[in-house]
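The values are calculated or read from the model by the stated rules, or taken from the named source; none is laboratory data. Please read all numbers here as calculations on a predicted model, not as lab measurements. Here the Cβ positions follow ideal geometry from the backbone for every residue, glycine too, while neighbour counts run over all protein chains shown. With ligands, DNA and RNA removed, areas are computed over all heavy atoms of the protein, side chains included. Shrake-Rupley method; radii C 1.70, N 1.55, O 1.52, S 1.80 Å.
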Amino acid sequence: MGTDDDSVVLLAEFSTWLDRERGLSPVSVRCYSKQARYFLAAVGGPGAVSDLDAGKVTAFMVDHSRDRNGWSAKAMVTSLRAFLRFAHATGRTAFPLAGAVPAVASWRLSALPRGLSQPEIERLLDGCDRDTATGRRDYAVLSLLARLGLRGAEAAGLRLDDIDWRAGEITVTGKGSRTERLPLPAPAGEAVAAWLTHGRPRCESRAVFVTVRRPYRQLPATGVRAVMALACDRAGIDRRGAHQLRHSLATEMLRAGASLTEVGQVLRHRSQLATSLYAKVDQDALRPLARPWPGTAR
């Protein structure tokens, strides 16, 4: 069965493996570890890992997915496959079992990406009280999300040395620990500069965004999500995730005439499939391309 201490040790080793071998972000590592902890509890603890077989793995996944939505089930699929690869790589299972984790049926391109309108984005930004340190910080965070399309974890992970003010560029560490230099739009740069010079407290942390109360610590990805949630409340719109601002940026780029390739470059997608979702965004532009049904007027 194994004890709770055994689970802690195993999950710590799994987290280290995800970081060093897979190059995942701290947020992803925590997510994978959380799902692995649930799996271990369901199958009987760390001691049961060596007795796993394809049937047990598949049965767990089928039972786990029964009352969950597609996104939740997919999170478990991805995490469990990673854990089983780790278990085999470290000799805890005799056979590779990642292939026994069934895929979750979905229609990848069935839904339009949900972004915010430009008036809504302006309301989010205008709702920040820039007479306060918190307001300047939140305005800078939201500006980077909206103007540069950063992911929440990327904004939270920015370091002071990542900004090249002379060149007007910013270094972003994204998925898979990929590092890329991006041009820093003037409005976003001005917002960050205002926070750094008139809001950010003096502290040992080298993070761009920190808490405004002692003890001063780096603002985590969960903090960025909280900034977005509170901004939605102030703007009087339904709460949206920080990722919706990436969708908004992509939508506006397409409507301004940018190609899907250019959108993918700005959002730093590694696969064209990720960008292809936006091919359906501008319905007005797509409508003239649709052929009329035979015998009907256009």
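Below are the figures for this structure:
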quantity: Qualifying residue in segment 98-113 (condition: touching a helix residue (DSSP H, G or I) at 6+ places or on another chain (Cβ under 9 Å), closer than 20 Å to Glu13 by Cβ, assigned to a helix (DSSP H, G or I) and not charged (D, E, K, R)); calculated: yes
quantity: Qualifying residues in segment 93-144 (those that are over 30 Å from Gly47 (Cα atoms), at pLDDT below 95 and among the hydrophobic types (A, V, I, L, M, F, W, C)) - the one least open to solvent (accessible area, probe 1.4 Å); calculated: Leu116
quantity: Residues (open to solvent by 40 Å² or more (accessible area, probe 1.4 Å) and part of a loop (DSSP other than H, G, I, E, B)) located in segment 217-240; calculated: Arg217, Pro220, Gly236, Asp238, Arg239, Arg240
quantity: Flag for Ser28 being more than 17 Å from Leu97 (Cα to Cα), open to solvent by less than 20 Å² (accessible area, probe 1.4 Å) and under 19 Å from the mean Cα position of the chain (by Cα); calculated: no
quantity: Criterion (modelled with pLDDT of 90 or more, open to solvent by 50 Å² or more (accessible area, probe 1.4 Å) and over 24 Å from the mean Cα position of the chain (by Cα)) met by exactly one of Ala41, Ala48; calculated: Ala41
quantity: Number of the exception - Ala186 against (1) farther than 27 Å from Ser271 by Cβ; (2) surrounded by 15 or more Cβ atoms within 10 Å (Cβ to Cβ); (3) over 18 Å from the mean Cα position of the chain (by Cα); (4) of a type in the set (A, V, I, L, M); calculated: (2)
quantity: Selection count, segment 166-216, where residues are of a type in the set (Lys, Arg) and outside any loop (DSSP other than H, G, I, E, B); calculated: 2
quantity: Subset of segment 253-276 [modelled with pLDDT under 70 and within 15 Å of Gly115 (Cα to Cα)]; calculated: none
quantity: Spans of helices (runs of 4 or more DSSP H) in segment 4-82 with at least 3 residues of a type in the set (Asp, Glu); calculated: 4-17
quantity: Enumeration of residues in segment 249-270 that are within 15 Å of the chain's Cα centre (by Cα) and open to solvent by less than 70 Å² (accessible area, probe 1.4 Å); calculated: Leu267, Arg268, His269
